[in-house]
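Beneath this line is the structure, given in structure tokens, with notes to follow.
The values are calculated or read from the model by the stated rules, or taken from the named source; none is laboratory data. Owing to the predicted nature of the structure, the values given are computational and were not obtained by experimental measurement. Every residue, glycine as well, gets a Cβ built from its backbone with ideal geometry; the counts of neighbours run over all protein chains shown. Note: accessible area is taken over every heavy atom of the protein model, side chains too, but ligands, DNA and RNA are not part of it. Shrake-Rupley method; radii C 1.70, N 1.55, O 1.52, S 1.80 Å.
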Amino acid sequence: MSAPDRVTAGNGLDMNSKDVRKSFLQYFEERSHRIVPSSSLIPIDDPTLLFTNAGMNQFKLVFTGGEKRPYKRAASSQKCIRAGGKHNDLENVGQTARHQTFFEMLGNFSFGDYFKAEAIEYAWEFLTKVVMLPEERLWASIYLDDDEAFGLFEKIVPELKGKILRFDEKENYWSMGDTGPCGPCAEIHFDRGEKYGTGPEDVVNGESERFVEIWNLVFMQFEKDEQGIVTPLPKPSIDTGLGLERIVCVLQECDTNYETDLFVPIIKAVESLCGRKCVAGPEGISFRVIADHIRALTFAFADGAVPSSGKRGSVLRKILNRAARHGRLLGMRESFLYKLPPVVRDIMGDTYPELKLREVHITELIRAEEERFEETYDNGLDYFDRLANKVTSSGGMTISGDEVFKLHDTYGFDSDLTLLSARERGLDVDMDGFERALRDQQQRSRQARGAVPFVIKVVNPLKTEFCGYDDHFMHETIVIDVKPLKDDLLAVILERTPFYAESGGQVGDKGILQAEGLEFKVVNTLKEGNTFVHVGQNVKGDISEYIGKSVTAAVDKERQKATQRNHTATHLLQTALREVLGEHVQQASSLVKPEGLRFDFSHFKAVTPEELREIERRVNEQILRDLPVRWQVMPIEKAKAAGAMALFDEKYGDNVRMVEVEGFSRELCGGTHVSRTGEIGLFLITQETAIAAGMRRMEAVTGDGAYRLASENRDNLEGVARMLKVASSEVGERVATLAKKVKELQKQLDQFSQAQGDEQIKSNLSDVKQKGDVSYLVADIADRKEAQQYLDNVKNDKRKVVVVLKQESNYFIVVSKAAADNGLSAKKVIAHLNDAFDGRGGGKDTFAQGGSKQDFSLNDLSRVLESAI
Ligand code: SER
């Protein structure tokens, strides 16, 4: 496989992928389109989407009239992932020439400006005059009854006569998802020639590789809601999508996208890692899957997504597991995926600088997750093999949904891996049953967590004016609307409010709304779009009778002040973390409440005690300097140029609020803050833990919370000092002496009990039973240490000895080398026990340990052991 360096689609040009992207954007810029950067792969404020899946996503609200932009025409090259939800290409990757989980979509858009005629003209001109595709190889398809599009194609491109075909919704109607903007579309297809086939399937929209759909022109006219009701958009609009990989494949006349300059370096890198050659057809699938998946992972992680058990995280985990598993199929036994992001960066880093900026983050995240895969894979595969044997030997053909669930839940073995492994053995998998089991479990855990919080649906959205910055805790305002929620809770909407609504990690305010004859207790403030919703209960009077009237909104001031301290401290912490740990530290999320703060960030090892102390010291240093904290609203470009830190996946408008701690930190933030750092008082870190691969969590307290913590610690220390009868300052030394003494005594005790234990074990072992040439023993023990003593006694025994020990619900298996070498390893024995008692555990040849939630006796163990010998 070699990178094509000349274009041979009959057009006489020489274009690599960068040239194609550039000429597309330039073409539309020359036609008055605003060039808009790709949005993040993680959709902002759009719960209907798992990943950005089309160029139009970032313009969704512009199409529906919910957002205004200073331009009516735009063009972009958008990062997209289609691996979940309505548009999901995951299963096809590697099997076909042109399906990708990650791809770039070139697109031009009109927001109520031009419509069908210009969209067709531009597309045709770009294809035939700029990238010079031969007209005779282009075809068009339109929606069934779209006679207007038919007429326009005939008029604009007379050469297309007889090549404009009509298709139904499946092919020629585009919707973003189950809800959102939609409309009929026209597509332009390229005929790759007879060498790809001349059969009945080798037609436009056929199953073969001959015709490739290259450009989709959506005539956006409608919006679909949750009930499936379709309403017209404010103005007919245009959304087009031209897959970069596909057009490059056509232009470079490659058989598949994987032979274009966008992929060849990745395939070559995989070839050199595994020492094999990628070939066309099914043999090359693993190379293609890895090449596709590593692009998806690299870009998703660069945009701040992380593997997790959540919806998006688990899709990424699935993609990574698939890639890692295909690596195994290519003979790679060790982690290798993390070596590939630099190759992706070399190909696309100029267009997407985040690949360079976040390279360490991306590679470390992949490395950590790949290690997790390896652990999971071996245990899961082991269980899967036994399961598959059981199914086959009982004449079955299907792995049950409950078993797929068990593999997923207990072994962390993704359902996708089960599916792949089952297919290899010619078995089916009951995926519906699995989905059911999964739903049941989710239902159970939801019930365990308590009722789902109510959903507030504001019918007539309005923008609430927030006047809580600058310490306005009390404000006269007007009640606009009141809606009942569940129980006796009400949702109150005010004209202006000093109540901060939960957002950006900061909790919502509490307080009261009052007037003559009225007291309403606000228990939380939430945001629904731009409307602030005050949730609470009537204490006196009924607020529903105050609609249109004036009330005093008073925020719980002490609580809000404590929250401010924690919020500003979070900004100080972020800068200190980057100073001490490095620039790779990125905020993943944060929680700011009156009691303290929590900050999740990317970092690949535990923060050392020295680093923790230094971070804490630096934050307190800024507090003592009593720096002024200021905020101002400015254009986003200006804030970014000033070096303001922004969240990976936050949606920022054209104007942003920048919060600055003078000379120390600048962040885009909508939260409330102290006006000088001195108000924070004191900052103490309380905890640092791992929350996911490559993700750490730091918790801290400030102000009153920090003071209370410090004084509690002092009281505790004094209590200990009194018990030890020394001064507080001497506690450390005294405890060290005592610990040394305890250790010595423990050692003596151990020696004594070991000698006794060894005697006991020897006498037990003289008592063993016999099956064939295997000596075996089943016994109760007190703790794991005792199992280790057995191992010391048994391991080098020349006989074939197997000992199974029970300690409450745990079992330990100790076998002699002689037994292990003759096919009776501890691993094998524990597999039998796990099967019999539905337990978990594993180990090595001579020692294994596990346990089960089921009840089992020594006799049960003995029975299973005998059958295993
Ligand atoms: N939204 C359409 C698509 O994704 C055109 O951009 O195909």
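So the values come out like this:
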| quantity | calculated |
| --- | --- |
| Residues being open to solvent by less than 10 Å² (accessible area, probe 1.4 Å) and over 14 Å from residue 527 (Cβ atoms) - total across region 485-504 | 1 |
| Conditions (1) aliphatic (A, V, I, L, M); (2) more than 26 Å from residue 213 (Cα to Cα); (3) open to solvent by 50 Å² or more (accessible area, probe 1.4 Å); number of the one not met by residue 269 | (3) |
| Strands (runs of 3 or more DSSP E) contained entirely in region 100-199, each with at least 2 residues that are touching a helix residue (DSSP H, G or I) at 6+ places or on another chain (Cβ under 7 Å) and either over 23 Å from residue 52 (Cα atoms) or at pLDDT 95 or above (or both) | 102-110, 138-143, 180-191 |
| Residues satisfying the stated conditions in region 29-57, i.e. more than 16 Å from the ligand (Cβ to nearest atom) and assigned to a loop (DSSP other than H, G, I, E, B) | 30, 31, 32, 37, 40, 42, 44, 45, 47 |
| Residue 674, sole failed condition from (1) in a loop (DSSP other than H, G, I, E, B); (2) under 31 Å from the mean Cα position of the chain (by Cα) | (2) |
| Yes/no for residue 381 being among the aliphatic types (A, V, I, L, M) and either under 30 Å from residue 435 (Cβ atoms) or open to solvent by 20 Å² or more (accessible area, probe 1.4 Å) (or both) | yes |
| Output for region 206-222, where each listed residue is farther than 30 Å from residue 348 by Cβ, within 14 Å of the ligand (Cβ to nearest atom) and open to solvent by 10 Å² or more (accessible area, probe 1.4 Å) | 221, 222 |
| Test: residue in region 562-576 that is over 20 Å from residue 508 (Cα atoms), outside any loop (DSSP other than H, G, I, E, B) and either open to solvent by 10 Å² or more (accessible area, probe 1.4 Å) or not aliphatic (A, V, I, L, M) (or both) | yes |
| Of all residues in region 694-750 being of a type in the set (Asp, Glu) and free of Cβ contacts under 8 Å to residues at least 60 places away in the same chain, the one that is least open to solvent (accessible area, probe 1.4 Å) | 750 |
| Only one of 160, 165 that is open to solvent by less than 10 Å² (accessible area, probe 1.4 Å), in contact (Cβ under 8 Å) with a residue 12 or more places away in the chain and away from the ligand (no atom under 13 Å from the Cβ) | 160 |
| Any hit, region 363-377, residues being modelled with pLDDT under 85, of a type in the set (Ser, Thr, Tyr) and within 30 Å of residue 268 (Cβ to Cβ) | yes |
| Counted residues, region 826-869 - those being more than 21 Å from residue 411 (Cα to Cα), among the small types (Gly, Ala, Ser) and open to solvent by 20 Å² or more (accessible area, probe 1.4 Å) | 2 |
| Some residue of region 181-202 being touching a residue at least 12 places away in the same chain (Cβ under 8 Å), more than 25 Å from residue 28 (Cβ to Cβ) and within 16 Å of the ligand (Cβ to nearest atom) | no |
| Sole exception among (1) under 34 Å from the mean Cα position of the chain (by Cα); (2) over 30 Å from residue 67 (Cβ atoms) for residue 192, by number | (1) |
| Residue within region 783-800 that is in contact with a helix residue (DSSP H, G or I) (Cβ under 9 Å, 6 or more places away or on another chain) and under 15 Å from residue 859 (Cα atoms) present | no |
| Out of 276, 246, 333, sole residue that is over 30 Å from residue 65 (Cβ atoms), within 16 Å of the ligand (Cβ to nearest atom) and open to solvent by 40 Å² or more (accessible area, probe 1.4 Å) | 246 |
| Top-ranked residue in region 101-111 [being closer than 21 Å to residue 293 by Cβ and open to solvent by 10 Å² or more (accessible area, probe 1.4 Å); ranked as farthest from the ligand (Cβ to nearest atom)] | 103 |
| In region 602-616, the residues that are of a type in the set (D, E, K, R) and farther than 20 Å from residue 674 by Cβ | 605, 610, 611, 613, 614 |
| Close pairs from region 239-255: first in a helix (DSSP H, G or I), partner of a type in the set (Phe, Trp, Tyr) and open to solvent by 10 Å² or more (accessible area, probe 1.4 Å), Cβ under 6 Å, at least 6 apart | 245/103 |
| Selection status of residue 323, open to solvent by less than 20 Å² (accessible area, probe 1.4 Å), small (Gly, Ala, Ser) and more than 15 Å from residue 414 (Cβ to Cβ) | no |
| Wholly within region 755-818, strands (runs of 3 or more DSSP E) carrying at least 2 residues that are touching a residue at least 24 places away in the same chain (Cβ under 8 Å) and within 21 Å of residue 845 (Cβ to Cβ) | 774-780, 800-807, 810-815 |
| In region 588-606, residue nearest to the chain's Cα centre (by Cα) [restricted to those that are farther than 18 Å from residue 701 by Cα and touching a residue at least 12 places away in the same chain (Cβ under 8 Å)] | 588 |
| Tally, over region 58-91, of residues that are more than 16 Å from residue 34 (Cα to Cα), within 12 Å of the ligand (Cβ to nearest atom) and outside any loop (DSSP other than H, G, I, E, B) | 2 |
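Per-residue answers, yes or no, for (1) within 24 Å of the chain's Cα centre (by Cα); (2) closer than 27 Å to residue 842 by Cα:
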site	(1), (2)
306	yes, no
320	yes, yes
333	no, yes
338	yes, no
354	yes, no
366	yes, yes
381	no, yes
407	yes, yes
